[in-house]
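Please read the structure below before turning to the comments.
Nothing in this text is a laboratory measurement; each read-out follows from the coordinates by a stated rule. Bear in mind the structure is a predicted one, so any value in this text is a computation, not a measurement. Here Cβ is always computed from backbone atoms with ideal geometry, including for glycine, and neighbour counts include all displayed protein chains.
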Amino acid sequence: MLGRIAGRTEVYLAGVLIVLSVVLFILNPKFLTAENLFDVLRNNSFLGIVALGELVVLVSGGIDVSFTAIATVAQYVMGVIITKYMVESVFFAFLIPIPIGIALGAFNAFLVNRTRVHPVIITISNLNVFYGLLMVVSKGRWIYGFPGPFRDFARLKVLTLISEKGVDYGLSIFTVAWFFIAFATWVVLRYLPIGRKVYALGGNSEAARRAGFDIFRIQLFVYCYIGFLSGIAGFVHAALNQMIQPNAIVGRELDVLAAAILGGASVFGGAGSPLGVVLGVLFIAFIKNGLILMKASAYWHQVIMGLIIVLAATLSAYQQSLERKRRRWV
Amino acid sequence: MIEEKAILSLSRITKRYGGVVALQNVDFSVLRGEVHGLVGENGSGKSTLVKIATGVVQPDPGAEIVVEGKKIPRLTPYLAFHLGIHVVHQDLSLFPNLSVAENIFAHEYIERGRRFVSWQDMEGRAREVLGRIGVDIDPRAVVGRLSFADQQLVAICRAIASEAKLIILDEPTASLTFREVQRLFGFIRELKAQDIAFVFISHRLDEVLEISDRVTVLRDGVKVGTFPKEELTKARLSFFMTGKEIVAQSRTFPLDGPKEILRVERLTRRGEYADVSFTLHEGEILGLIGPRGSGRTEVALTLFGLNPPDSGKIFLDGKEVRFRSNRDAIRHGIGYVPENRLIQGLVLDQPVADNIVITILDTLVERSGLLRPAKKLSIAEKAIGNFGIKAPAVDAPVRSLSGGNQQKVVLSRWILTAPRVLILDTPTHGVDVAAKESIYEMILNLAKDRGIGILLISDEEHEVLQVCHRILVMKEGRIVREYVPSEVTEEVLRKEIVG
């Protein structure tokens, strides 16, 4: 039944996506070319991966807005190491940001659990702490000139096609990673006891406590999970851009929250699914892509994003009030 | 001999919190397959006893806890759970976003570690547990979408699934309709036959007497006694609880030359109520009794301007009125005290004074647009005195008051608006015997001294018999009978409502 409800949001969202695609296609036929779509999927894999982390935190009844700073710190440390020692192994480079993300996530979880302050406050503070410290240490310097293998890796595709103009394009390794993480997150949330505990905690924290669940362990899991995915996303972001700017990611928190909420995650906890969040990210990605294809000004992006968030939150609140009414009269 | 059959036996239980004695030298034992009623007023020590029985609180030294013949030196919540002692709290402690099956087996997640969840297996086993007492609920249904009664059964099944031998039900019937209570009792009897024991805690003495085999009465932390059901009547039970004889005879005063205030003619709202007609006089207390869902609250909301009727007329002082909103109704002198005072009535964290004056805030505003705190306080203090509200201070949060006193706060604020008609929706719901008494007192005085016409919606036959001048019986959206208390007994009235 849980699947059935989530299914409803997802089916609904999928329908909206299709309509949106048709509209964008009519406005600019270029939108529905394989080249453009593969491009959108590749460019949004960073967003897609962190949104899945945010989903897990939201389901537990928490929220994390510090993940942009976590991803930045994690990728920056990686950048410093691989450029300084000219690390040739991409795999080794990939392993650097992950423990950093997990450690910073654990720090969030610790503070949320011990201080009992609302996580939105804790993580906004930590966003500033992590990011501020990075700026102090790095002085805002950009990092570029990565080792060769790192450059080649970013162009890796699982499926390659050649356009008429002779440019090759296809399904990027990062898109595959994003979808794989979505699948893995689904398995964790649906089939592992820890995943079910995350839903339980978000549904009724007092009942979770009475049932004897170790609340700190669940919190530790969710904040470390988003930290872990932020680490991976930091790597993806660095590889996609082939450079690391300390201020490139911070500021995109709302995009991610919007994607998660659009996808059916509730800010009150207990609801949401990975498939929904993938669709939510695609929705935002399509809109942005459409605006770019229409050559709209960057400020319009902000306006539209803001409106989408208001719309998504309103819809979700409306859905909940419907739900309450239904329950009362059944 | 009793000890052998006992599932749980608590002896010499004393518990002090600082200087306050919550329980003093109480013995309490529950036999296998027994339904044991536990009654007492608020603050009598029931909840402390439950907390001790479930290991949440440790008794003072000298106590002895024996579970199934084994002495337990230190009972913890974990141990109590594994010994099969479970509580179904009033709030049920369910996960509203999860399925029935998952709620039933949620405790298994603790021990499962990293093993995968098998939904099929879980749903199959849930079906088995539900089938054991013959509950017809889909294990895949989301709990938050079930009725409260069904959610309660899920909570009971959860206890059974973890091998409960004793289930403590804390005020289980407080939010149930009559039919749902009967259904719950059916399930309790079924489980009793399977040797599961229950402790049944309730303010509703009829129900306690109906379902229990034995009843233990607590008063001020002391055990008055444990009695077999056969030795008890409702009157005796409430005497044991309060130490006061509660008289169940009519206490109304005669109306001299009744003057009509409110008249309702053939009021109808599709799907809720139909053809409702009655008259309410000055100083009259009119009882409206009927099962939940009979349309009584819906009629009340209509009279309060919140639920416009499809057809029919409302007259105030002989003139037809049409309320566009509750503001409109208040202006016409209609007050309404909702059913669930905690949800709909009070701002719990705000001071008593602010809660009292909320209905007349407009009159407390100076020309400058600011509030006059001194006037607020003096009005609130007067109200507290007039209505005998027991509050630590005028600026204490309402949350710190007992249920009965909270209800008085709600009543007093409506009286400040000087209403002509006051609609009270089950005002004594969930409050203890003594608090009920003082609320009756208040209602009677309001009608007598101020001539307010009162429409009293009620669940309890003895209540309307005591307090009302006339009684309307409502069923399935219609008023089916009208009685005068002197010509009807509790028994007859009950049959009329249920049958």
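A few points about this structure:
- Beta bridge orientation in chain B: antiparallel %, DSSP, nearest 5: 55 percent
- Positive-pole candidate from B:Ile52, B:Asn42, B:Phe148, dipole of region B:2-242, charges at beta carbon: B:Ile52
- Label point at B:Thr363 placed 7 Å out along Cα→Cβ; residues across region B:376-415 whose backbone nitrogen lies under 20 Å: B:376-389, B:408-415
- Size-normalised alpha-carbon gyration radius of chain B, reference 2.2 N^0.38 Å: 1.07
- Where the Cα pairs of region B:298-444 fall when distances are cut into 10 Å bins, in %: 11, 38, 33, 15, 2
- Bins of 5 Å from zero: percent of alpha-carbon pairs in region B:2-242: 1, 6, 14, 17, 19, 16, 12, 8, 4, 1, 0, 0
- For region B:312-373, the pair-distance distribution built from all alpha carbon pairs, in bins 5 Å wide starting at 0, is 3, 13, 17, 19, 17, 15, 9, 5, 1 percent.
- Per-peptide average of other Cβ atoms within 10 Å, ordering A:257-265, B:357-365, A:98-106, A:30-38 highest first: A:257-265, A:98-106, A:30-38, B:357-365
- Over all distinct Cα-Cα pairs of region B:144-258, the Kirkwood formula returns a hydrodynamic radius of 16.3 Å.
- If you look at the Cα atoms of region B:343-403, you get an Rg and a Dmax of 11.8, 37 Å.
- The protein assembly as shown: calculated mean residue ellipticity at 222 nm from DSSP helix runs of at least 4, using -39500 (n - 2.57): -16000 deg cm²/dmol
- Among B:414-424, B:226-236, the order from most to least packed when residues are scored by Cβ within 10 Å on average: B:414-424, B:226-236
- Computed about the Cα centre, the dipole magnitude for chain A is approximately 820 debye when only Lys and Arg (+1) and Asp and Glu (-1) carry charge, each at its Cβ.
- The slack between A:Ile121 and A:Leu307, meaning 0.36 nm per residue of separation minus the straight C-alpha distance, is 64.6 nm.
- Spin-label model distance (nm) - B:Ser147 vs A:Ile215, 7 Å beyond Cα toward Cβ: 3.3 nm
- Using only Cα coordinates, the Kirkwood hydrodynamic radius of region A:262-308 works out to 11.7 Å.
- Inter-chain neighbour count for A:199-207: the average number of beta-carbon atoms from partner chains within 10 Å of each residue's beta-carbon is 6.
- Fraction of antiparallel bridges per DSSP, the protein assembly as shown only, in percent to nearest 5: 60 percent
- Peptide A:262-274, shielding by other chains (average Cβ, 10 Å cutoff): 1
- Each peptide in B:431-441, A:295-305 receives the mean, over its residues, of other Cβ atoms within 10 Å, and ordering these scores from highest gives B:431-441, A:295-305.
- Span from the region A:149-177 Cα centroid across to the region B:420-466 one, whole angstrom: 78 Å
- Volume of the Cα convex hull of chain A, divided per residue and given in Å³: 147 Å³
- Centre-to-centre separation between the Cα atoms of region A:53-97 and those of region A:197-211: 29 Å.
- Overall Cα dimensions of region A:15-140 - principal axes, largest extent first, Å: 51, 43, 26
- Each Cα pair of the protein assembly as shown feeds into the Kirkwood radius, which the Stokes-Einstein equation turns, at 20 °C and 1.002 mPa s, into a diffusion coefficient of 69 µm²/s.
- Cross-link pairs exceeding 27 Å between alpha carbons, from the set B:Lys229/B:Lys408; B:Lys46/B:Lys390; B:Lys229/B:Lys390; B:Lys46/B:Lys475; B:Lys259/B:Lys313: B:Lys229/B:Lys408; B:Lys229/B:Lys390; B:Lys46/B:Lys475.
- Dipole in debye (nearest 20) - chain B, about Cα centre, beta carbon charges: Lys, Arg +1; Asp, Glu -1: 940 debye
- Mean separation of Cα contacts under 8 Å, 6 or more apart, over the residue count of region B:120-226: relative contact order %: 21 percent
- Between A:His118, A:Gly140, A:Val40, the Cα set farthest toward the positive side of the dipole of region A:2-324 (charges on each charged residue's Cβ, about the Cα centre) is that of A:His118.
- Considering only A:Val158, A:Ala184, A:Gly15, the residue lying farthest towards the positive end of the dipole of region A:2-324 is A:Ala184, judged by Cα position with unit charges set on Cβ.
- With a 10 Å cut-off around each Cβ of B:19-30, the average count of Cβ atoms from other chains is 0.
- Rounded FRET efficiency, nearest 0.05, which uses the C-beta distance separating A:Ala34 from A:Phe183 and R0 of 22 Å: 0.45
- A DSSP coil position with no more than 14 other Cβ atoms inside 10 Å describes the following trypsin sites (Lys or Arg not before Pro) in region B:254-314: B:Lys259, B:Arg270.
- Cα-centred dipole magnitude for the protein assembly as shown, charges only on beta-carbon of K, R (+1) and D, E (-1), debye, nearest 20: 1680 debye
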